[in-house]
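The values are calculated or read from the model by the stated rules, or taken from the named source; none is laboratory data. Treat the numbers as computed from the prediction; the structure is a model and nothing was measured. Methodologically, a virtual Cβ is constructed for each residue, glycine included, from the backbone with ideal geometry; neighbour enumeration extends over all protein chains shown.
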Amino acid sequence: MTMDAASNINLEQMDVDATIHAFTSLPDHAETGPHIMTSADGIYLTDSKGDTYIDSMAALFCVNAGYGRSEIADAISEQAHKFAYFHTFAGNAHEQQIKLGDRLLNILPRHMSKVLFASSGSEANDANVKLAWMYQHIRGKPNKRKIIARDMGYHGVTTVAASMSGLPLMHQPFGLPLPGFLHTDKGHYYWEGRPGESERDFSKRMAANLDALIEAEGPDTVCAFISEPVMGAAACVAPAEGYFEEIQKVLKKHDVLFIADEVITGFGRLGTWFACEKYDLKPDMMTLSKGITSAYVPLSASVISDKMWQVFADDPENMLFTHGHTASGHPIACAAANANLDLMEGEGLIENAARVGAYFKEQLIDRLADHPLMGEIRGDGLLLATELVANKQTKQELDIEWDCSHRLFDLCLEEKLISRGFFGHNSSSFSPPLCVTNDEIDEIITRFSRGLDKLTDELVRDGRWKPTG
Ligand SMILES: Cc1ncc(COP(=O)(O)O)c(C=O)c1O
């Protein structure tokens with residue numbers, strides 16, 4: 001039990017009494033209570049019981065610079081003392097936001113042109129959809145409104161972002177998706193590839209399916225396609241060979257905009273500033289958040305290309321851009337982002353992510369690929385996942401009802417490792433802070449292996465699974 005020293009109040013009970021938690025079963029939480037974290041440093045987190053964990057997830061794929069960076073904390077404090085806030089509506093600006101906008105354009109792909117700030121990835125995705133609709137409106141194509149996303153993609157929780165997300169459990173309670181939000185294949189070669197089909201041919205088939213969907217809907221009604229370059233919430237599904245090359249051909253053919261949701265992959269996670277560089281993507285819009293401040297304070301950005309900016313700049317109706325939040329371009333958030341980018345550049349964190357990410361995947365393969373439950377080890381850079389199956393040869397799934405993913409998460413927690421569990425598939429993922437070292441990776445894999453061995457023993461003991469010849 002954690003007591004608040006000043007008031008002698010039980011924090012667990014206060015939390016249960018007062019708070020609704022994200023992606024949490026509300027009745028279960030009332031029973032089990034919260035896991036309260038109290039301090040953090042580097043890749044380590046300590047909870048209110050005094051237990052210290054390795055956070056192999058950088059929280060939610062976001063604390064890229066690592067915990068406890070006083071450089072970012074100082075920048076936040078300095079900015080709050082100097083000039084905490086004024087809005088950015090009606091042409092108002094301030095130094096940190098101006099510098100950050102300029103700085104982003106220097107590291108983003110060269111054809112990107114303007115940045116619109118918000119606070120969350122969801123908001124930035126909603127804004128990108130509005131910008132896409134406005135672009136089509138100004139071009140005299142107001143019926144080009146439909147948005148296509150991928151099954152199992154994750155784009156956030158606001159009504160539009162949740163509509164784009166391809167996870168049924170995010171739709172059912174809310175009557176989503178909204179009309180006009182469609183989904184195409186997930187594009188996961190391991191599960192959707194046909195026997196004997198090459199990755200290239202698979203990518204062509206995925207693109208042909210997208211093409212058929214656009215044709216069926218009517219190209220004049222389709223506005224944009226959104227995709228994460230590596231699907232994070234689907235457990236680190238990297239693109240099959242040629243996937244985006246083929247998809248981009250279809251988008252171009254039908255004059256459909258491409259939104260690259262780089263909320264996770266941006267700011268070094270894959271060992272490059274953005275996934276666009278790595279996979280040769282030419283998006284019309286990009287969505288950024290998370291690593292932009294390493295989550296020290298909320299900030300996000302929607303980014304548009306020159307092509308789109310030219311249409312807005314030449315708008316014959318000269319429409320007012322009626323969008324923005326009170327906190328858009330908040331000075332404290334922009335100061336945190338500038339300090340965070342200083343760290344990334346000054347400490348070579350992106351180069352470290354490339355180097356250690358390669359080591360991490362190699363070690364996962366070396367140490368775990370032969371495990372009898374291991375189906376796939378996948379991902380790129382410091383965005384990696386494992387997926388368990390009942391039978392490696394036939395890819396027979398472990399019964400989803402057993403929820404092995406969350407069980408493994410709990411067993412890893414016993415080993416003082418924070419990994420990540422998933423609903424609906426038997427994956428675990430890793431996305432540590434970009435400052436992680438090879439030695440820390442070895443320790444992450446050791447603790448994960450112990451959790452996996454305990455899960456294996458449980459499945460055998462309970463008669464749910466036995467190794468196949
Ligand atoms: C790819 C992607 N897009 C958008 C979002 C939504 O961001 P936020 O939670 O800040 O609204 C997330 C969050 O995890 C994400 O992973």
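Observations on the structure shown:
- Residue list for region 350-371, filter: touching a strand residue (DSSP E or B) at 6+ places or on another chain (Cβ under 9 Å) and surrounded by fewer than 21 Cβ atoms within 10 Å (Cβ to Cβ): Lys361, Ile365, Leu368, Ala369, His371
Condition check ((1) aliphatic (A, V, I, L, M); (2) buried (at least 17 other Cβ atoms within 10 Å of the Cβ); (3) without any contact (Cβ under 8 Å) to a residue 24 or more places away in the chain; (4) outside the structural domain of Ala358 (by TED's automatic domain parsing)) across all residues:
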{"site": "Gln393", "(1), (2), (3), (4)": "no, no, no, no"}
{"site": "Gln396", "(1), (2), (3), (4)": "no, no, yes, no"}
{"site": "Glu401", "(1), (2), (3), (4)": "no, no, yes, no"}
{"site": "Cys404", "(1), (2), (3), (4)": "no, yes, no, no"}
{"site": "Leu411", "(1), (2), (3), (4)": "yes, yes, no, no"}
{"site": "Lys416", "(1), (2), (3), (4)": "no, no, no, no"}
{"site": "Ser427", "(1), (2), (3), (4)": "no, yes, no, no"}
{"site": "Asp439", "(1), (2), (3), (4)": "no, no, yes, no"}
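- Residues that are in contact with a Lys or Arg (Cβ under 7 Å, 6 or more places away or on another chain) and assigned by TED's automatic domain parsing to the domain that holds Arg150 occur at least once in region 283-292.
- Summed over region 321-336, the residues that are farther than 11 Å from Thr88 by Cα and among the β-branched types (Val, Ile, Thr) give a count of 2.
- Residue in region 125-145 that is surrounded by fewer than 21 Cβ atoms within 10 Å (Cβ to Cβ), within 16 Å of the ligand (Cβ to nearest atom) and closer than 18 Å to Thr322 by Cβ present: yes
- Members of region 45-63 that are closer than 26 Å to Ser120 by Cβ and part of a strand (DSSP E or B): Leu45, Asp47, Tyr53, Asp55
- Of the criteria (1) more than 16 Å from the ligand (Cβ to nearest atom); (2) within 26 Å of the chain's Cα centre (by Cα); (3) surrounded by 16 or more Cβ atoms within 10 Å (Cβ to Cβ), which one Gln79 fails: (2)
- Selection status of Gly463, under 25 Å from the mean Cα position of the chain (by Cα) and more than 16 Å from Phe360 (Cβ to Cβ): no
- Of the strands (runs of 3 or more DSSP E) lying entirely inside region 363-462, those containing at least 1 residues that are basic (Lys, Arg) are 374-380.
- In the set Ala224, Ala233, Ala208, only one residue is in a helix (DSSP H, G or I), among the small types (Gly, Ala, Ser) and either in the same structural domain as Met319 (by TED's automatic domain parsing) or more than 14 Å from the ligand (Cβ to nearest atom) (or both); that residue is Ala208.
- Scanning region 396-425 for residues that are closer than 17 Å to Glu443 by Cβ and among the polar types (S, T, N, Q) yields a single hit, Ser419.
- Among the candidates His171, His183, His188, residue that is within 16 Å of the ligand (Cβ to nearest atom) and free of Cβ contacts under 8 Å to residues at least 12 places away in the same chain: His171
- Which numbered condition Gly346 misses (of (1) without any contact (Cβ under 8 Å) to a residue 60 or more places away in the chain; (2) farther than 24 Å from Thr293 by Cβ): (2)
- Whichever residue in region 146-169 is of a type in the set (A, V, I, L, M, F, W, C) and buried (at least 21 other Cβ atoms within 10 Å of the Cβ) and, among such residues, is farthest from Tyr135 (Cα to Cα): Met152
- Within region 258-312, restricting attention to residues that are closer than 15 Å to Ala127 by Cα and free of Cβ contacts under 8 Å to residues at least 60 places away in the same chain, the residue that is surrounded by the most Cβ atoms within 10 Å (Cβ to Cβ) is Glu262.
- Val222, sole failed condition from (1) under 27 Å from Ser289 (Cβ atoms); (2) free of Cβ contacts under 8 Å to residues at least 24 places away in the same chain; (3) of a type outside the set (Lys, Arg): (2)
- Qualifying residue in region 91-102 (condition: assigned to a helix (DSSP H, G or I), modelled with pLDDT of 95 or more and closer than 27 Å to Met231 by Cβ): no
- Considering only residues in region 48-64 that are surrounded by 15 or more Cβ atoms within 10 Å (Cβ to Cβ) and more than 16 Å from the ligand (Cβ to nearest atom), the one that is nearest to Met170 (Cα to Cα) turns out to be Ser56.
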